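Trainee: Let me begin by handing over the structure; questions about it come next.
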Amino acid sequence: MPRSPMTRTSSRGPTPPNTKRAAAAAAPARLSTECMARIPPEVWKRIFDWATSYGCGDAEEEASLGTKLALVRVCKAWHKMALPCLYRHMVFRSLSAMQACLNHLIFLDVSSLNPSHSTRTLRLSEQILPPPSLNEDGQELTVEIDLDTTPLPHLLLFLPNLRAFITPATSSPHQRMMAGPRTLHALARGAGAGLTRLSTTLGVPARATLHLVRRLRGLVWLDVSTHWAPKENTGIAELEPLDLSALRDLEWDCKGFDELPALLDLLARSNFPALEETALFLSDLIPPMNELQAFFQAHGPRIKDLALGTHRTAVPPLISLCTRLTDLSVCSDNVPADLPSALHANLEQLRINTSTDPESRDNTERFVREIARAPPPRLRTIWLRSFVGKFTWRESESEVVAWVLRLVDILGERVALFDEDGVGFKRIVASA
């Protein structure tokens with residue numbers, strides 16, 4: 001029988017006519033796989049890094065996690081290359097998740113796999129804290145988590161390349177996560193000088209905690225708060241000064257701290273040659289001026305960005321020592337009356353607090369008039385904080401709207417007035 005031109009004889013019999021079409025359809029897939037195989041792994045890692053870099057917020061982290069999980073499930077080759085991306089930023093929202101991660105890392109360490117070596121950031125979510133509760137009198141009880149008693153210190157030993165350790169700045173003053181000596185000791189043993197950012201509430205005892213901060217010599221950003229009671233402060237005055245030569249940003253919340261003079265004296269004696277940004281938040285009472293002035297005399301000439309929260313009478317003499325200041329936030333309840341005389345020529349942005357009560361408005365207006373009379377030559381923006389952002393101009397009292405309009409007119413075109421969300425008052429008030 002004559003052979004059909006559409007068939008081919010083989011040991012398995014004739015080949016169906018659609019085989020050629022199937023082979024043609026598979027050719028692009030083979031070509032794509034071959035091209036992918038020729039791309040070096042380091043290029044793929046760069047692509048994976050870019051594809052999973054969403055940001056640092058909770059929503060961005062959730063989206064990033066979905067992408068990372070999708071990448072590690074494609075194939076064995078992608079799993080191996082994308083696994084470090086999965087571990088690069090750790091965010092824990094419960095202590096049980098932290099324990100599960102620790103158990104997993106212990107298993108991986110036994111298996112000689114170390115994706116945790118790629119971890120750069122460890123962040124704890126505020127969701128770990130239990131919700132606030134009230135006592136019998138209806139007052140909110142303080143809820144604290146001592147991180148030294150959690151799996152965290154053990155977990156940190158598995159993260160030798162950690163660069164940032166962040167616990168939340170809680171929205172309630174009655175909720176805290178305290179990082180004590182065990183946590184800081186684990187940071188010093190694990191990441192050591194490689195840690196560049198520490199943002200947490202320092203636990204007790206104070207002397208041991210501060211001593212361990214001294215061992216984190218690579219810190220660039222130190223953002224801490226302290227809630228030590230008097231019995232926990234013993235020995236701070238005898239501590240050796242901190243020597244953090246790379247530190248550029250120092251933020252310290254000392255509200256409610258009883259031995260503030262000893263702490264300020266320690267910071268004044270410390271070596272921060274790269275310091276450019278500082279935020280100090282003290283109580284509203286008159287602070288220990290001798291120690292504060294010693295701190296600003298030692299470090300003020302280098303500071304370019306300053307946020308200062310203390311009694312308003314203490315602000316001007318301290319600011320006058322910061323000759324390179326370009327960005328200033330005054331976090332006092334009211335604007336200091338003599339603040340304009342303390343401002344230097346380099347100042348570009350100024351943030352002040354105000355409120356809608358008549359006394360605060362009068363203080364703010366006097367300050368604005370003084371600034372308008374002789375503004376620093378580089379000043380372009382004044383930000384009003386406190387009531388703005390929560391204040392609805394269209395529903396406001398007419399006298400407050402008239403007051404804001406008056407501030408805008410006083411400043412003229414040279415200096416713009418904004419609210420804390422970056423909205424210009426001139427445009428907002430004009431549409432009210």
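Trainee: Taking amide hydrogens as modeled 1.01 Å from N in the peptide plane, which residues meet the under 5 Å criterion relative to Asn271, leaving out close sequence neighbours?
Mentor: Close amide H contacts, sequence-distant or interchain: Leu242, Asp243, Leu244.
Trainee: Taking amide H atoms as placed 1.01 Å from N in the peptide plane, list the residues 5 or more away in sequence, or in a different chain, whose amide H sits under 5 Å from that of Ala307.
Mentor: The answer is Thr278, Ala279, Leu280, Ser329.
Trainee: Going by accessible area, probe 1.4 Å, with all protein chains left in place, what is the ranking of Met90, Met289, largest first?
Mentor: Descending accessible area places them as Met289, Met90.
Trainee: Could you report the accessible area of Ser225 in Å², rounded to 10, computed with a 1.4 Å probe on the protein chains as they sit in the structure?
Mentor: Surface accessible to solvent at Ser225 totals approximately 20 Å².
Trainee: Rounded to the nearest 0.05, what FRET efficiency do Asp137 and Asp357 have when you use their Cβ-Cβ distance and R0 = 25 Å?
Mentor: FRET efficiency, Asp137 to Asp357: 0.30.
Trainee: If you take the square roots of the eigenvalues of the alpha-carbon gyration tensor of segment 218-334 and sort them as a ≥ b ≥ c, do you get rounded (a/c under 1.5), prolate (a/b over b/c) or oblate?
Mentor: Oblate, because a/c is 1.5 or more while a/b does not exceed b/c.
Trainee: Taking the full set of protein chains and a 1.4 angstrom probe, give the accessible area of Phe281 in square angstrom, rounded to the nearest 10.
Mentor: 60 Å²
Trainee: Let me cross-check Glu251: its accessible surface, 1.4 Å probe, with only protein heavy atoms counted, in Å² to the nearest 10?
Mentor: 50 Å²
Trainee: Here's a follow-up. Tell me, what ³J(HN,Hα) does each residue in segment 295-304 have, in order and in whole Hz, if you take phi through Karplus 6.51 cos²θ - 1.76 cosθ + 1.60 with θ = phi - 60° and put x for Gly and Pro?
Mentor: So the Karplus estimates, Gly and Pro as x, are 4, 6, 5, 7, 10, x, x, 9, 6, 9 Hz.
Trainee: Still on this structure, I have one more. For segment 188-310, with all protein chains present and a 1.4 Å probe, just round the carbon and sulfur fraction of the accessible area to a whole percent.
Mentor: Of all accessible area on segment 188-310, carbon and sulfur atoms account for 49 percent.
The values are calculated or read from the model by the stated rules, or taken from the named source; none is laboratory data. Keep in mind that what you see is a predicted model, and the values were worked out from it rather than measured. Cβ sites come from the backbone with ideal geometry, for glycine too, and all protein chains shown count toward neighbours. Surface areas here come from the heavy atoms of the whole protein model, side chains and all, with no ligands, DNA or RNA. Shrake-Rupley method; radii C 1.70, N 1.55, O 1.52, S 1.80 Å.
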